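J.: Handing you a structure now.
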Amino acid sequence: MKLSDSDRWLPEAALDRLGLEGEDLASYQHFWDRAAQLDAVRAISDQDSDESFETSGIVDAEGLAPFLPPDCRFLEIGCGIGRVLQHMAPRCREVHGVDISAEMVKRGQERLAHLPNVHLHHGNGYDLALFDDVSVDVCYCAFAFQHMPRTTVFNYLVEIHRVLRPGGVLRFQVPNILRDDQFTAFQYFSRPWFVLHPYPMNFYTQFEIVSLAIKAGFWVEEASGDIVVVARKQEQAGVAAGLPHQDHYRELQDRNAALTREVATLTQALDRFRGHPLIRAARAARDLLRPGSRSDPGPPQGTGEG
Ligand SMILES: C[S@@+](CC[C@H](N)C(=O)[O-])C[C@H]1O[C@@H](n2cnc3c(N)ncnc32)[C@H](O)[C@@H]1O
């Protein structure tokens, strides 16, 4: 089921609906539209010049090459103006990119108009409603998950798992807060200016992001020190042998499974207890004596105040 198929996710509590002013999805989309207008190339890749931008995506495309089946249908989340898509075009049958920014998508469509198998889509910023279940072979996300709230990243992971074909691969990258070079970037964003004007930037540990991928249903095959993750849609979720923290994930999974079993046993015991004739009789008597029940005579008259 697509995330957007249902309205059962609507918040129930008034406090849940409060929300931070200026932190809604529309202002977030507006941020990326303004970035695209100001300088799309540097908003995407601050290390690139206009010239190097045309070729910097080749490295990404080469990294993806081992995962591409023949006739591959490829999808990039947060594709910007197609820095990577352009180099996937000769390697795949169909190349799709989805981005929250209409401005990025428009510029990307203009840039890559000469590549007929490349399609850029303006997405809603949190799901892949544009794509059918089991319709994509390989998904990719670079320098985009880091700009989204963690909850959105998780939504995308769940949606990517939905749209991938069995055996399909997701490759993505997020910055590692535990690495000194990437902690420097984290520190940069801790400056008072960014506290006053929050910039959408999130850092992870390997353990956190791999746990989210597992929770979304993936089998995680790789998670490098600079957190490039390779995850596959398989029957079972989990991590491959040899991954860092492998024992922790197993331990967590075992503990979750043990807890689920314990809850089931306790629920059964509680049901048996509730069904015991003595307990049923006691509950029936309590219900009869409850204020408001028909046999309840109510408080004695004339004892109230006033
Ligand atoms: C730094 S750029 C990277 C672009 C591209 N991945 C690349 O490497 O060339 C980040 C992109 O993610 C997009 N983005 C940010 N949040 C998004 C979201 N929630 N859903 C889809 N795209 C998003 C932005 O509009 C922007 O184009």
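J.: Give me the Å³ per residue figure for the convex hull around the C-alpha atoms of the range 161-235.
T.: 90
J.: Apply the Karplus curve 6.51 cos²θ - 1.76 cosθ + 1.60, θ = phi - 60°, to the phi angles in the range 19-31 and return the couplings in whole Hz, x for Gly and Pro.
T.: Whole-Hz 3J(HN,Hα) from phi for the range 19-31: x, 7, 5, x, 10, 7, 5, 5, 6, 5, 5, 4, 4.
J.: Which three extents, in angstrom, do the Cα atoms of the range 249-289 have along their principal axes, listed largest first?
T.: Sorted largest first, the three principal extents are 51, 17, 6 Å.
J.: Which angle between 0 and 90 degrees, to the nearest 10, do you get for helix 277-289 versus the longest principal axis of the chain when only C-alpha atoms count?
T.: It works out to around 80 degrees.
J.: Give the average over all directions of the projected area of the C-alpha convex hull of the range 172-295, one decimal, in nm². Show your work: numbers first, answer last.
T.: Working: hull surface 59.6 nm².
Result: 14.9 nm².
J.: Stretched out fully, how many nm does the piece from LEU3 to ASP133 gain, at 0.36 nm a residue minus the Cα gap?
T.: Values: separation 130, 0.36 × 130 = 46.80 nm, distance 1.15 nm.
Length difference between fully extended and current span is 45.6 nm.
J.: In the chain, how does Rg compare with the Kirkwood Rh, expressed as the Rg/Rh ratio over alpha carbon atoms?
T.: 1.15
J.: Can I ask one more? Run the simple label-point estimate for ALA281 and THR184 please: 7 Å along Cα→C-beta, distance reported in nm.
T.: The modelled label-to-label distance comes out at 7.9 nm.
J.: Hey, got the dipole for the chain? About the Cα centre, +1 on K and R Cβ, -1 on D and E Cβ, debye to the nearest 20?
T.: Charge dipole, the chain, about its Cα centre: 1360 debye, nearest 20.
J.: Largest first and to the nearest Å, give the Cα extent of the range 1-84 along each principal axis.
T.: 50, 37, 15
J.: Would you calculate the convex hull of the Cα atoms in the range 98-243 and tell me its volume per residue in Å³? Walk me through the numbers before you get to the answer.
T.: On the way: hull volume 18.5 nm³, N = 146.
Cα convex hull per residue, to the nearest whole number: 127 Å³.
J.: Would you mind estimating how fast the range 1-154 diffuses translationally, via Stokes-Einstein at 25 °C and 0.890 mPa s with the Kirkwood radius over Cα pairs, in µm²/s? Show your work: numbers first, answer last.
T.: Details: Rh = 16.6 Å.
The estimated diffusion coefficient comes to 148 µm²/s.
Here, each number is a calculation from the coordinates, and none is a lab measurement. Bear in mind that the values here come from a model prediction, so they are computed numbers and not experimental data. Here Cβ is always computed from backbone atoms with ideal geometry, including for glycine, and neighbour counts include all displayed protein chains.
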